[in-house]
Amino acid sequence: MSGAYVQSAGVNPEPRKVSNDGYISHDGNLYPVPMRYCLRRVWVENIYGRRLKVYDEEGALLAEFDLDLKKQTARPLHPEHETINRQYQEKKLKLRSALVEKFTSAFGEDGQRYLEGLRDKNGANLYWHLAEILSYQEIYTPEDIIAAIKECLKIGSYHKNSVKRLLERKEIAPLSCACDPASVNMPPGKIKRDLSCYALKESEVAAVS
């Protein structure tokens, strides 16, 4: 077996596939192994029914455990999960901070006041509303959006749909009659815009922390 674990004398190693969250199963119980081995094969040795050793394909020892003689009642804590969760929370905070900064930069003092109202009325959904309102810039000018925000402030309506409804009432000016679009020969091109504020996943934006 090229590149596989080399059997020790008197011990029968067994292959195990690491789960996508970093565990292997042995006799119905779970044991954590380094996350970099997720979905990969490792080899385990049961030492006299008391110890469990876990090796990679090259035979390097990855982990060693006292075997649980009873069935586990809960999944054991993975030592790397706490670090991963902390890094995720830090990333989410940075993304949220960037979204707030982008919103207030785009819509000024009125945007700041509306942001505070959104926070009071919508709580954890605040960041979803901010991202949606920012996306309206694909169709409307910042001035139009600010005008809609001001109207929402007057009536005390704090929701992305309130801003959207006010914007939809505004007629979009047609192309000038002096310019016939069919006669314009424009080279193909890709529209480029800053999408950094839309990088938030919905689960990240709406999650309560």
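Quick notes on this one:
- Criterion applied to Ser135, Ser97, Ser105 was being more than 18 Å from Arg16 (Cα to Cα), of a type in the set (Ser, Thr, Tyr) and either more than 19 Å from the chain's Cα centre (by Cα) or in a loop (DSSP other than H, G, I, E, B) (or both), and the one residue passing it is Ser105.
- Across segment 1-57, the qualifying residues are those that are of a type in the set (S, T, N, Q) and surrounded by fewer than 11 Cβ atoms within 10 Å (Cβ to Cβ), and the one among them that is modelled with the lowest pLDDT is Ser2.
- Residues of segment 36-75 that are of a type outside the set (A, V, I, L, M, F, W, C), assigned to a strand (DSSP E or B) and over 18 Å from Val18 (Cα atoms): Arg51, Asp66.
- The set of residues from segment 34-75 being under 33 Å from the mean Cα position of the chain (by Cα) and among the polar types (S, T, N, Q) comprises Gln72, Thr73.
Let's see how each residue does on (1) surrounded by fewer than 17 Cβ atoms within 10 Å (Cβ to Cβ); (2) in contact (Cβ under 8 Å) with a residue 40 or more places away in the chain; (3) out of contact with any Lys or Arg (no Cβ under 6 Å at 6 or more places or on another chain):
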residue	(1), (2), (3)
Thr83	yes, no, yes
Lys94	yes, no, yes
Gln112	yes, no, yes
Glu116	yes, no, yes
Tyr136	no, no, yes
Ile139	yes, no, yes
Ile149	no, yes, yes
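- Verdict on Leu166 being part of a helix (DSSP H, G or I), modelled with pLDDT under 95 and either within 23 Å of Leu99 (Cβ to Cβ) or assigned by TED's automatic domain parsing to the domain that holds Asp120 (or both): yes
- Conditions (1) assigned to a helix (DSSP H, G or I); (2) in contact with a Gly (Cβ under 7 Å, 6 or more places away or on another chain); (3) surrounded by 18 or more Cβ atoms within 10 Å (Cβ to Cβ); number of the one not met by His78: (1)
- Set Ile139, Ile149: member being modelled with pLDDT under 95 and not hydroxyl-bearing (Ser, Thr, Tyr): Ile139
The values are calculated or read from the model by the stated rules, or taken from the named source; none is laboratory data. The structure displayed is predicted, hence computed values, not measured ones. Here the Cβ is made from the backbone with ideal geometry for all residues, glycine too, and neighbour counts use every protein chain on show.
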